[in-house]
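One structure is given here, and the rest of the page talks about it.
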Amino acid sequence: MRHLIDPTDLSVEETGQLLNLAIDIINNRQAYAHVCDGKKLATLFYEPSTRTRLSFTAAMMELGGNVLGFSDARTSSVSKGETVADTVRVVSSFADIIAMRHFKEGAPNVAAQYSRIPIINAGDGGHSHPTQTLTDLLSILRELGHLDNLTIGLCGDLKYGRTVHSLIKAMKRYDGTRFVLISPDELRLPDYIKNILPSNFIEVNTLEEALPMLDVLYMTRVQQERFANQDDYERLKDSFILDAKKMTLAPEHMIVLHPLPRVNEISTDVDEDPRAAYFRQVGNGKFVRMALIYTLLGKTEEQPKRLRVLSPTTRRCTNDRCITLSEPVVKQSYTDEDGVERCAYCDHCLRKD
Ligand code: CP
């Protein structure tokens, strides 16, 4: 059994095979119309979603399978206090594969510990969103033809933007990737992601500085739902707005991606620009999720161990949004390259004794 909790749960080779499968599905839709006949996908969404949940649903339906689940945790027994561990133990009896979105960071790791069926992380808080990353990789591949030697601008909320964190983890594995970071000071990358950036990254203060050097501009929304203080959100929400005038500074081949939903960080006057690829990107999400569901249902080998060594710990995580603070899980940690002890669920550092 294999899960997808983090983009690096798939090797570069496996990621390539999955993207190629998605392209084959696009070109031969009928050939895959019954490959999941009789199989069931459970979509457990504890947090709102349009694209991810509906594309998972459409993906399973187009593979011939069925879908059950909830899109509002208040209508499930979670509202009576059921834990993630117990919920997935139960759903393992009803379905063949689970796609889970949760507002607590690390919740899909907990699910994977207790599930008897594959778990797909469909987004956990501000931490990780690996199926969006597969969508992004397929979009770059189809738009530009390759995944290596690219300069990628990441703009907006890099602190809470889980899609950015996962994209960095995936893209840093390709030769010649260069990241350009564009964000307000308060919304810079968390240190556990900044620490893994290739050394050639650069930070700039304006979109105007970044645009001429980019192959891909990855815009993100400022994540209102993650702010403890709404005044901070109001102050930061319009920090970077891409519009048609700024697009005149970008190369002809550059593409604009956005995981969506957008608020107002991309002006609608960009939508008709052929380089605006964000609505084409959404369509790729369904095909890559078809490829993922089909692949994971066919895998029988054990989940490969991540390179980091995990140890039990009694220390508390410093991240208020971590699942270990709200559910009775076995706390585990790892030590990063700088000697910092980090939570194995959400990657934030642990409190010092
Ligand atoms: N990109 C993305 O995750 O969109 P949803 O929140 O609508 O699923």
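For the reader, a short list of remarks on this structure follows.
- The tail of the calculated P(r) for the stretch 195-353 beyond 23 Å holds 62 percent of all Cα-Cα pairs.
- Largest accessible area first, the listed residues PHE94, PHE179 line up as PHE94, PHE179 when surface is computed with a 1.4 Å probe on the assembled protein chains.
- In the chain, Rg over Rh equals 0.95, where Rg is the alpha-carbon radius of gyration and Rh the Kirkwood radius from pairwise Cα distances.
- Cα-based shape type of the stretch 263-353, given that a ≥ b ≥ c are square roots of the gyration tensor eigenvalues and the cut on a/c is 1.5: oblate
- The stretch 1-26-the stretch 256-289 distance, computed between alpha-carbon centres (Å): 22 Å
- Legend note: in the chain, cysteines whose Cβ sits 4.7 Å or more from every other cysteine Cβ are CYS36, CYS155, CYS349.
- At the residue level, LYS40 shows approximately 80 square angstrom of accessible surface with a 1.4 angstrom probe and all protein chains present.
- For the chain, no complete DSSP H run has alpha carbons reaching 27 Å or more along its own long axis together with a mean Kyte-Doolittle score of 1.0 or higher.
- Global form of the stretch 311-351, assessed from the alpha-carbon gyration tensor, a/c cut-off 1.5: prolate
- Separation of the ALA33 and VAL330 label points, Cα + 7 Å toward Cβ, nm: 4.7 nm
- Rounded to 5, the percent of DSSP beta bridges in the chain classed as antiparallel: 20 percent
- Looking at the stretch 89-229, the accessible area is 31 square angstrom per residue; that uses a 1.4 Å probe and ignores ligands, DNA and RNA.
- Packing-based ranking, highest mean first, of 291-299, 155-163 given that Cβ atoms within 10 Å are counted: 155-163, 291-299
- Cα centroid separation, the stretch 132-192 to the stretch 83-106: 28 Å.
- Each Cα pair under 8 Å and six or more residues apart adds its separation to the average, and for the stretch 130-278 the resulting relative contact order is 25 percent.
- Under 20 Å from the HIS253 label point (7 Å along Cα→beta-carbon), backbone N, the stretch 203-230: 210-219
- Shape class of the stretch 1-80 from the Cα gyration tensor (axes a ≥ b ≥ c, square roots of the eigenvalues): oblate, since a/c reaches 1.5 or more and a/b does not exceed b/c.
- A 1.4 Å probe run over the stretch 234-353, with the rest of the protein chains in place, finds 54 Å² accessible per residue.
The values are calculated or read from the model by the stated rules, or taken from the named source; none is laboratory data. These figures come from a predicted structure and were not determined experimentally. We place every Cβ from the backbone using ideal geometry, glycine too, and count neighbours over all the protein chains shown. Remember, those area values only see protein heavy atoms, side chains included, never the ligands or the DNA or RNA. Shrake-Rupley method; radii C 1.70, N 1.55, O 1.52, S 1.80 Å.
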